[in-house]
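Scroll down for the structure; my scribbles are underneath it.
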Amino acid sequence: MFQDAFAYLATTPSYFGGPMSYGWATDDTDLRHLRENAIEHRYAEAGCFPTRYWRPDVHVAAFALPNYVLELVEG
């Protein structure tokens, strides 16, 4: 069993009908709570490669679930 199991939402071009939910699981409970500046730093270290969707603030926002999804995830 993982220390932190959750979900996040993202737009998926091959999925029609809205955002798609993905599972998240890790034993590092701090990862899901990284701040935007920490993600920006990691992105810079990786070379700031171009993306059409992802940005550090989108990464953080993906874990901010609407209430109807949060209720399903948290049971």
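Quick look at the values:
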| read-out | value |
| --- | --- |
| Matching residues, the range 2-20, being open to solvent by 70 Å² or more (accessible area, probe 1.4 Å), within 17 Å of Tyr53 (Cα to Cα) and touching a strand residue (DSSP E or B) at 6+ places or on another chain (Cβ under 7 Å) | Pro19 |
| Residue in the range 25-57 that is least open to solvent (accessible area, probe 1.4 Å), counting only those that are touching a residue at least 12 places away in the same chain (Cβ under 8 Å) and of a type in the set (A, V, I, L, M, F, W, C) | Ile39 |
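Every residue, every condition in (1) at pLDDT 95 or above; (2) part of a loop (DSSP other than H, G, I, E, B); (3) closer than 25 Å to Glu71 by Cβ, yes or no:
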| residue | (1), (2), (3) |
| --- | --- |
| Thr12 | no, yes, yes |
| Ser21 | no, no, yes |
| Ala25 | yes, no, yes |
| Ile39 | yes, no, no |
| Tyr43 | yes, no, no |
| Cys48 | yes, yes, no |
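The values are calculated or read from the model by the stated rules, or taken from the named source; none is laboratory data. Only a predicted model underlies this, so the values are computations on that prediction, with no experimental measurement involved. Please note: Cβ atoms are built from the backbone with ideal geometry, for glycine as well, and neighbour counts cover all protein chains shown. Just the protein is used for accessible areas: all its heavy atoms, side chains included, with ligands, DNA and RNA removed. Shrake-Rupley method; radii C 1.70, N 1.55, O 1.52, S 1.80 Å.
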